[in-house]
Structure formats: C-alpha cells, structure tokens
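The structure appears below as structure tokens.
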Amino acid sequence: MFREWYGAYYNTVAKILKEASGHPVTRERVREIIREQAFLESVLTVEPALFSGRWPFLSPDGRSRLGHVPDMPLSLLQKRWLKAIFLDPRIQLFECGLEGLEGIEPLFVPEDLCVFDQYADGDPYGEETYIQHFRFLLHAIREHRPLAMDVANRRGTTTHMDVVPEYLEYSEKDDKFRLVTSGCHYGRIINLAKIRSIKYVEPGTEIWEWAKNHKGKPVFEKESVVFELYDGRNTLERALLHFAHFEKRAEHICGKRYRVRVVYNREDETELVIRVLSFGPFLRVVEPEHFVGLIRKRLKDQSVLTGFLEEGGEEDLPRD
Amino acid sequence: MSYNELIKNFGRIRDYMRDFYIGGFKSRGEYDKKSARSYDDERRRLESWLGDYMGFRQTVLGKNVFIAIDSRLVRHNPLYKAWKAKSFTDGDITLHFLLFDILDAGGIAFPLNQIMEKLDTYLADVSERETFDASTVRKKLKEYGQEGLILTEKQGKTLLYRRGEMIKLPSVDLLDFFSEIAPCGVIGSYLLDKLPAGGGHFAFKHHYITQALDCGILCALFNAMRQKRGVELSLMGQCAGEIIKKQVVPLRIFISVQGGRQYLMADYKGYPSAFRLDRILCVQEGECCEEFDHLRDMLDRMQQNIWGVSTRGITGNGGEAGQPGLERVEFIIRYDTGQEYIHDRLMREKRCGRVEKMDAHRSRFIAEVYDSSELVPWIRTFLGRIESIRFSNKKLARRFQYDLKAMYQMYGIIKDGKEDVS
C-alpha cells in the first residue's frame with residue numbers, strides 16, 4: 001500500500017507532463033503545480049530534477065518528451081477496495097456502476113467488520129425516497145441552488161423552509177446524514193431522513209438574492225471547555241483519542257495531571273457534557289462556569305435519585 | 001544521511017504523527033526513544049506535509065509541537081499525506097513514466113527485448129544517463145505485474161507485457177465520501193488523486209482521522225482474513241522499544257466510532273482476543289487456517305455478549321450472571337413527561353442489551369456480557385436519571401459507587417462525606 005507510484009511526487013510529475021504535452025510549461029507554472037500537488041519543500045527537489053534532465057521527461061523548452069499523456073492503470077489494490085465499497089449499503093446513494101471490476105475479489109466484505117458502538121437508528125439507505133432526496137440535494141449543493149423543503153418536526157407535523165444547501169454532513173456515530181444550510185434563520189442543520197419533500201425555488205425570490213450575495217460556508221458558534229485530567233486507568237490516552245476529532249490543546253501540569261481545552265460547536269454542548277461525564281472522576285471541568293454548572297446539575301439530580309451509596313475501595317483515583 | 005522530505009518506512013512517522021496529533025504536549029527532550037536528529041527530521045517532514053495544521057507552543061520544558069485539526073472542517077483527511085511520501089530513486093521514477101509511455105497504446109504488448117530497445121532509444125536521445133540493464137527492467141515489470149498495473153501473456157515461449165486495463169472511475173463525490181469513512185480509506189484518496197479537483201460536498205462529524213495511520217496494518221489483516229490465514233503480529237510492549245510476537249488467527253475488525261480505536265479480534269490460544277490496531281507494528285502472513293469458519297461462527301455467537309471488545313470472562317473468571325463467564329448489569333432510568341426521547345436513546349444505544357419500558361417514566365436496561373466494566377462509561381452518561389443500578393460483579397459495583405462519590409466531592413455536591421445543601 002505504501003508505494004511511490006501513489007505518491008505526491010509521481011502525481012505532480014504526471015500533472016506537469018500532462019500540461020507540457022499540449023504546450024511548453026514555464027518554470028513558474030511548474031513551481032505552481034508542485035505547490036498545488038505536493039508538499040511545502042517539494043519544489044526544492046522536483047523542479048531541478050525535471051529541468052536538469054535527472055528525470056528525463058522535459059525538453060529544455062518545457063515540452064513533454066513522452067509520446068503520450070501519462071496515465072497509470074488502476075492497481076489491483078485500488079480495484080479490490082472499490083469492489084469492497086460496492087458492498088456497502090451507502091453505495092446506493094450514488095449513481096455509479098461496477099464496470100471493469102468483474103472477477104475482482106473485494107479487499108474486505110461486511111462480515112470482516114463490526115462497528116460495535118454505532119447507533120441503531122441510522123438512516124434508511126435502501127429507501128427509494130431517501131435515495132432520491134440524497135441525489136437531489138447533492139445536485140442542488142453543486143449548483144448552490146436554493147430549495148423549498150418540508151421537514152418533519154418533533155410535534156409530528158411538518159415545517160416549511162426555504163434554504164440554500166451548503167454541504168452534507170455525515171456522522172459515523174449516528175449513521176446519519178444532515179444537510180447544512182444557510183439563508184434560513186432556523187433549521188440550519190436538517191436530518192435527511194426527516195425531509196418530506198424538496199423542490200427548487202424559482203429565481204427572483206428573496207432566498208435567490210441571498211444565495212447570490214452569500215457564498216461563504218456557514219459559520220458555527222464555537223465554545224470551549226477546559227478540564228483537568230487525572231491519568232488513572234489509562235484515561236490520558238483514552239480521553240485524548242476520544243476527543244481527538246475536536247480542535248484541542250493538551251498540556252502536562254505535573255505528575256499524572258493534565259489540562260485539556262476542547263473547542264466545540266455550541267449546538268453540541270449537551271453531547272459534550274455526557275461525554276465528559278463518561279470519564280467519571282478522571283476528568284474535572286474547570287471552566288467555563290456554566291459548563292461546570294451543567295455537570296453539577298446532573299450529579300445533583302443523581303444524588304437526589306439514589307442518595308449516597310456504599311463506599312468501595314479504589315486506589316487509582318485522583319487525589320489532591 | 002542528508003534530509004529528504006520523503007520516507008522509506010512508514011512505521012516511525014506513524015508514531016510521531018500519533019503523538020503530535022493525539023497528545024501534542026511533549027517537548028523535544030521527552031521523545032526519549034529516538035535521537036534528537038531523528039526528531040528534528042520527522043518534525044520537519046510533518047511541517048512540509050501538513051503545513052498550517054502544525055502548531056507550536058513554548059512551555060517551561062521546551063517547545064511542544066502539535067497537529068491541530070478540527071476534523072469537522074476538513075473535507076479530506078490530511079494525515080493521508082504521509083502515505084504519499086514514499087521515497088524512490090531516479091531510476092524508479094524514470095522507468096515508471098517510460099514503461100507506461102511505451103505500453104500506452106491500447107492493448108499493445110511487447111516482449112522484454114523490445115521494451116529494452118525502446119528504453120535505450122529514448123534515453124540515448126534525451127538523456128546522458130546510462131540505460132537500464134534488462135534484469136532491472138524485468139524486476140520492475142514483475143513488481144508492477146504483482147500489483148496488477150501490468151499484465152503478462154505468453155506468446156510461445158516469449159513473455160509479453162502490456163498495461164493493466166483502464167476502468168471508469170466513480171464520481172468525485174463517491175470517492176470523497178468513502179475515502180473518509182471506509183476502511184483503508186487512503187486507497188480512495190489515491191483514486192481521488194487521479195481525478196480533477198472538485199467535490200468538497202461532504203463534511204464529517206465525530207470523525208476519527210487517526211485511522212489513516214493504521215491503513216497498512218488493516219490492509220494486511222484483511223488480506224489474511226480473505227485468505228483465511230493465520231498471522232504473526234509484532235506488538236508494542238509495555239516498555240519502550242519492547243516488541244512482542246503473537247501467533248493469531250484474524251477473525252474480524254472491530255471499529256469504535258465513539259472512541260476512535262480500531263481492534264483486531266483474533267483467535268489467540270483458543271479464545272477470541274482483541275488487539276488494538278495502533279499497537280500492531282507488523283503483520284506477517286502465516287499458514288491457512290482450516291478452522292477459520294468455525295472460529296468465526298464462535299465469534300458470531302459470542303458477540304451477543306460482547307459490549308465493546310473485551311472477552312475477559314470467557315476464560316471463566318466471571319460467571320456471576322447464571323452463565324459461565326457472563327456478568328449481568330441492570331439499571332433503571334427515570335424521565336419526565338415530554339422526555340420520552342431518553343427511552344429512544346436507550347433503544348438506539350443498547351447494543352447487545354435489552355430495554356424494557358416499565359411505565360410512562362421509567363425504562364429498564366439489562367445486559368449479560370463477558371466484561372461489564374466496558375459498560376461503565378456509557379452508564380455514566382445517564383447520570384442524573386439513574387433510579388437504581390445492579391452489577392453482578394460486586395467489585396465493579398463498589399468501584400462505580402466509589403467513583404460516583406468522588407465525582408460528588410469533585411464538584412462540591414458533598415463535602416467531607418455530607419451533602420452540600422448550598
């Protein structure tokens with residue numbers, strides 16, 4: 001899998017030669033392609049190698065010496081991976097065929113995997129209406145075209161909204177797709193499975209004007225929480241990996257104590273509260289005060305429900 | 001050896017990337033396993049590959065380097081870049097582009113001697129470098145043949161070489177999605193590199209990008225499972241630099257989408273055991289295992305009592321829930337009118353457990369598992385609503401209550417063992 005022909009340098013050279021097959025490329029253009037395709041320091045290697053003839057593919061005037069535009073066939077590994085993802089139920093959401101993969105063994109099959117903590121109420125990937133909505137939305141996102149939607153709400157009725165579709169967000173934990181939108185002051189994130197109907201909004205309406213004038217992605221309000229971590233029962237590693245998908249900063253205070261700041265979207269606060277609780281006494285929220293209050297409220301409620309129960313013995317707990 | 005931004009082996013950079021991304025609190029001096037020179041080189045490579053995702057901060061112990069990525073904002077896993085930094089020689093890259101140029105025309109096949117002639121002619125015209133010898137070219141063609149990039153056919157006694165079949169690639173959207181969420185997603189990223197830039201229509205929440213670092217190990221394990229083979233695992237030991245070897249039969253990959261870890265569930269000495277992928281350094285393919293199907297069936301049955309990955313009780317150390325090896329956990333959740341979503345939450349998160357609706361405001365959860373300690377973090381997420389809880393494992397029950405009391409003290413709910421009524 002770790003092969004040079006999949007690498008950034010080979011791709012960069014292929015891109016340069018593709019461009020140089022039609023007309024000469026300048027050194028400046030070569031540098032530009034290297035910056036786009038490869039790494040920060042790649043220009044120090046790729047450009048001199050091509051123009052010195054050490055990699056003998058370019059003539060001095062910047063034309064490709066090859067007879068054809070470079071193109072590498074797919075490797076067996078790439079075909080086996082494609083064959084494997086065609087066994088995934090979510091593949092139905094995309095319009096695609098399996099041509100050219102006949103007789104290829106998949107790299108893995110669903111029985112080789114177990115996602116053991118995914119929620120059980122994932123989206124219905126096999127439902128025709130869901131598939132139609134998914135494809136419609138993907139098209140609308142590409143076109144940045146406003147939509148009129150009816151969406152099921154908690155009261156069991158539907159809410160109508162005009163929105164600009166920005167992108168689809170998928171959560172592996174929830175096994176759900178959500179549509180992230182702009183242009184509507186409520187319902188910025190819409191569960192795909194809750195959509196009852198969609199159609200394009202006619203040009204000339206208010207939401208069209210909004211879409212024309214607002215091209216940026218929606219910005220979510222960010223909050224941060226700081227907790228002190230006591231590294232008992234391997235909590236340091238578990239917690240840092242658990243919160244790895246957030247932007248975070250960890251500092252070692254002393255001994256087994258660490259201080260961690262996690263930045264999150266405000267709408268995810270309740271989820272973050274219970275995730276912090278799951279680490280028990282090994283994480284102590286120190287700021288902000290309102291987050292401390294949310295944890296405290298849950299513990300207070302718990303103490304009212306069950307009182308203070310029997311004591312046990314445990315050695316690996318945080319101690320001051 | 002002078003610095004090069006490309007690397008020969010993935011193993012060492014894998015450790016550094018994990019340290020910088022997951023931790024990011026160590027200073028240069030704390031990377032005691034490796035030399036300072038090695039640390040500087042790896043840090044510089046990561047800066048070159050990851051650019052703005054790298055950050056630094058000065059502490060009293062020195063400069064800490066970290067990788068800061070909000071995986072909800074990125075559309076493509078930046079850690080895949082490490083897989084695209086394999087080093088090569090001038091000969092490798094020259095042969096690569098020339099061989100595919102020679103074999104470009106549709107269906108054309110050449111024997112080695114004709115390929116050699118074309119290479120010699122090309123290089124004589126354009127380069128002062130010496131041409132390649134036939135054994136080097138044959139070796140390269142064989143390597144590409146094993147990877148499916150080049151196909152061979154016999155014409156009499158002569159072996160002919162032609163390029164592998166081209167196929168139509170799926171859409172950028174499809175590859176954007178599956179390269180992020182499918183196992184060995186870096187392969188999807190390799191495919192994306194063949195397509196024009198575009199897409200970016202998907203974002204990912206709760207997205208653990210560190211899986212990128214274990215793609216190679218995962219791929220080797222999939223290969224073994226597809227062939228029903230045993231393997232020898234080289235595992236990181238507890239002490240620095242220690243390597244432990246174990247002979248196992250890989251049965252299934254267990255993935256946690258809430259904790260970010262991936263595990264191999266394998267038969268080890270007659271019992272299914274879990275091995276963290278990030279602790280596996282190397283996978284060596286072994287003999288075919290005739291019992292593979294039987295072992296997997298056994299795992300299927302056992303999974304009805306595995307909450308996460310632990311099978312601790314299988315060896316008979318548990319056995320307090322009426323069945324040998326199983327432990328029982330039972331708790332009741334209380335909720336108010338209008339909070340029925342709490343019951344729904346139990347239903348969607350219950351895994352191998354059972355949920356019973358007791359009345360309008362209470363639901364009971366029951367599970368019999370090999371290791372009930374695995375449920376504790378999840379049970380804590382219901383704190384504030386737990387009316388009662390019972391563990392058949394008495395030691396665990398005491399620990400749960402003790403931890404809860406520690407939390408009460410930590411947040412000032414009780415002081416010196418008494419309730420704080422303020």
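Residue-wise test of (1) within 12 Å of chain B (Cβ to nearest Cβ); (2) farther than 30 Å from B:Gln146 by Cβ.
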{"position": "A:Met1", "(1), (2)": "yes, no"}
{"position": "A:Gly7", "(1), (2)": "yes, no"}
{"position": "A:Ala14", "(1), (2)": "yes, no"}
{"position": "A:His23", "(1), (2)": "no, yes"}
{"position": "A:Glu28", "(1), (2)": "no, yes"}
{"position": "A:Arg35", "(1), (2)": "yes, yes"}
{"position": "A:Phe39", "(1), (2)": "yes, no"}
{"position": "A:Glu47", "(1), (2)": "no, yes"}
{"position": "A:Phe51", "(1), (2)": "no, yes"}
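Okay, residues lined up against (1) touching a Leu at 6+ places or on another chain (Cβ under 8 Å); (2) in a helix (DSSP H, G or I); (3) in the same structural domain as B:Ile150 (by TED's automatic domain parsing); (4) surrounded by fewer than 20 Cβ atoms within 10 Å (Cβ to Cβ):
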| site | (1), (2), (3), (4) |
| --- | --- |
| B:Tyr16 | yes, yes, no, no |
| B:Asp52 | no, yes, no, yes |
| B:Arg72 | no, no, no, yes |
| B:Arg75 | no, no, no, yes |
| B:Tyr80 | no, yes, no, no |
| B:Leu98 | yes, yes, yes, no |
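Can you work out which of the residues in the stretch B:351-376 that are in a helix (DSSP H, G or I) and hydroxyl-bearing (Ser, Thr, Tyr) is surrounded by the most Cβ atoms within 10 Å (Cβ to Cβ)?
The extreme case among them is B:Ser372.
Please state which one of A:Phe227, A:Phe291, A:Phe282 is at pLDDT 90 or above, touching a strand residue (DSSP E or B) at 6+ places or on another chain (Cβ under 9 Å) and at the interface with chain B (Cβ under 9 Å from one of its Cβ atoms).
Checking each option against the conditions leaves just A:Phe282.
Taking the options B:Lys194, B:Lys168, name whichever one is under 30 Å from A:Ile131 (Cβ atoms), touching a residue at least 12 places away in the same chain (Cβ under 8 Å) and basic (Lys, Arg).
B:Lys194
Mind telling me which of the residues B:Thr152, B:Thr94 ends up being hydroxyl-bearing (Ser, Thr, Tyr), more than 8 Å from chain A (Cβ to nearest Cβ) and within 36 Å of the chain's Cα centre (by Cα)?
Checking each option against the conditions leaves just B:Thr152.
Just to be sure before I move on: is B:Lys63 more than 9 Å from chain A (Cβ to nearest Cβ), closer than 22 Å to A:Leu236 by Cβ and modelled with pLDDT under 85 in the structure I sent?
yes
Restricting the search to the stretch B:145-157, which residues are part of a strand (DSSP E or B) and either under 22 Å from B:Lys84 (Cβ atoms) or of a type in the set (D, E, K, R) (or both)?
If we filter the stretch B:145-157 for residues that are part of a strand (DSSP E or B), which is where we start, we get B:150-155.
Within the stretch B:145-157, B:Ile150, B:Glu153, B:Lys154 meet the criteria.
What do you reckon, is B:Ser179 surrounded by fewer than 17 Cβ atoms within 10 Å (Cβ to Cβ), among the small types (Gly, Ala, Ser) and within 30 Å of A:Leu137 (Cα to Cα)?
Here the answer is no, as B:Ser179 does not meet what is asked.
Scan the stretch A:133-163 for residues that are of a type outside the set (Ser, Thr, Tyr) and in a strand (DSSP E or B) and jot them down.
Residues satisfying the conditions are A:Leu147, A:Ala148, A:Met149, A:Asp150, A:Val151, A:Ala152, A:His160, A:Met161, A:Asp162, A:Val163.
Just one of B:Ile379, B:Ile342, B:Ile333 is surrounded by fewer than 18 Cβ atoms within 10 Å (Cβ to Cβ) and either touching a Gly at 6+ places or on another chain (Cβ under 6 Å) or not aromatic (Phe, Trp, Tyr) (or both); which is it?
B:Ile342
Select from the stretch A:211-223 the residues that are under 28 Å from A:Glu269 (Cβ atoms) and touching a residue at least 12 places away in the same chain (Cβ under 8 Å) and list them in ascending order.
Answer for the stretch A:211-223, where residues must be under 28 Å from A:Glu269 (Cβ atoms) and touching a residue at least 12 places away in the same chain (Cβ under 8 Å): A:His214, A:Lys217, A:Pro218, A:Phe220, A:Glu221, A:Lys222, A:Glu223.
The values are calculated or read from the model by the stated rules, or taken from the named source; none is laboratory data. Computed from a predicted model, the values in this text were never measured in an experiment. Heads up, the Cβs are rebuilt from the backbone with ideal geometry, glycines too, and the neighbour counts pull from every protein chain shown.
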